[in-house]
Every structure is written in structure tokens, then in C-alpha cells.
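Quick note: the coordinates plus some simple rules give every number you see, no bench work behind them. All figures in this text were calculated on a predicted structure; none of them were measured in a lab. Cβ placement follows ideal geometry from the backbone for every residue including glycine, while neighbour counts extend to all protein chains displayed.
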Amino acid sequence: MSAEYAAAHSFNKVIDILDRFDRSEAKIIPILQAVQEEYRYLPQEVLTFIATSLRISPARLFGVATFYSHFSLEPKGKHIIKMCDGTACHVRGSSAVIDAIRNKLNLSDKKITTDDMMFTFETVSCLGACGLAPVLVVDDEVHGQITAEQALELISNIEEKEKENA
């Protein structure tokens, strides 16, 4: 396969997304959301391609992508885990859950994605569910009053399912 073919093929999904949104500059956010859903992050070369396709500056598109915390310029794992460490969650023990997850997945506050790209673990300031503190979100599923043991069990269950489906 030639390099030109590989490069063109890699942008086919982006082209489909751009066409789905009529290549409209007014639809930048839904375009970026769809691209991130496809790639699990926003690759630099894809952002440049999108900017060129929409006839806007790459700096403008990069500004939008970096303004919203939902978007990521770094690759994320297949499973996204978010732990609230806001005041209510912190007071109710989120630190122990954070430490347990980081230890199990060999992560830190700087390294948030596992080497195998299976998990990304992020701490957030608030998930808006303070009454359920501490709160953990795994792949958009909310788990309230979570303990370190329960969090590790959730991760082990995902690992088992992944092994079964491999």
C-alpha cells in the first residue's frame, strides 16, 4: 500500500463526517465531537485537514478544540474513567479511590492512559452528583458512594470482558 493511499484512506472517515455536517463552519463542535468519537481524540493532522476543509485557520479550530474540556488532543483509552475530587467527594474519600485506581492501572496524575490504551483515568473537579459522593463515572455510567474496592472490581470486570472478547 502506498503512502499516498494510506494517507487518503485514513481521512475517509473524516471526509464522511465533514459531509454529514455539510462542511459547515457553524457545525465545528458537532464535527469535532464526531471526529473524537471516531478516533478517541483529535489528532493534529486531522485538525489541520478539518480546518482546510472548512476554510478556516488551523489556529481557530485548535482554539475551539482546546477551549472545551470535553475535547482531547492526546489519545485516550477505550474505557474512560472519571473520578470526582470536588469538595464533597474529597471529604467522603475520593482520594483513596483515586490512589487505588492509579495503583492498579500503573498511572499517575501525569500519566492518565494505560500503555495498552485500554483505560484513561481522569480526576475532575465536579460531576454534579454531590449527593452520591464519592462519584466515579465509567464509560458514562455513574457509580455513587463508590469505595476503592468497588472501583477496582469495576475495572476487573471490564478487563475480564475484554479478554473474553479478544
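Against the empirical curve 2.2 N^0.38 Å, the C-alpha radius of gyration of the range 42-82 lands at a ratio of 1.28.
If amide hydrogens are placed 1.01 Å from N in the peptide plane, which non-local residues have theirs closer than 5 Å to the one on residue 123? So residue 123 has HN proximity to 83.
Annotation for the range 39-83: chymotrypsin sites (Phe, Trp or Tyr not before Pro) lying in DSSP loop with at most 12 further Cβ atoms inside 10 Å of their Cβ are 68.
Per the Cα gyration tensor, the range 79-165 maps to an equivalent ellipsoid with semi-axes of 21, 14, 11 Å, ordered largest to smallest. Apply the Debye scattering formula to the range 17-166, with a single equal point scatterer on each alpha-carbon and no solvent, then give log10 I(q)/I(0) at q = 0.19 Å⁻¹. Result of the Debye calculation: -1.07. By the rule of a C-alpha distance below 21 Å, with chain neighbours fewer than 8 residues away ignored, the lysines paired with residue 110 are 76, 78, 82.
Considered as an equivalent ellipsoid built on the Cα gyration tensor, the range 3-67 has semi-axes of 17, 13, 12 Å, the largest given first.
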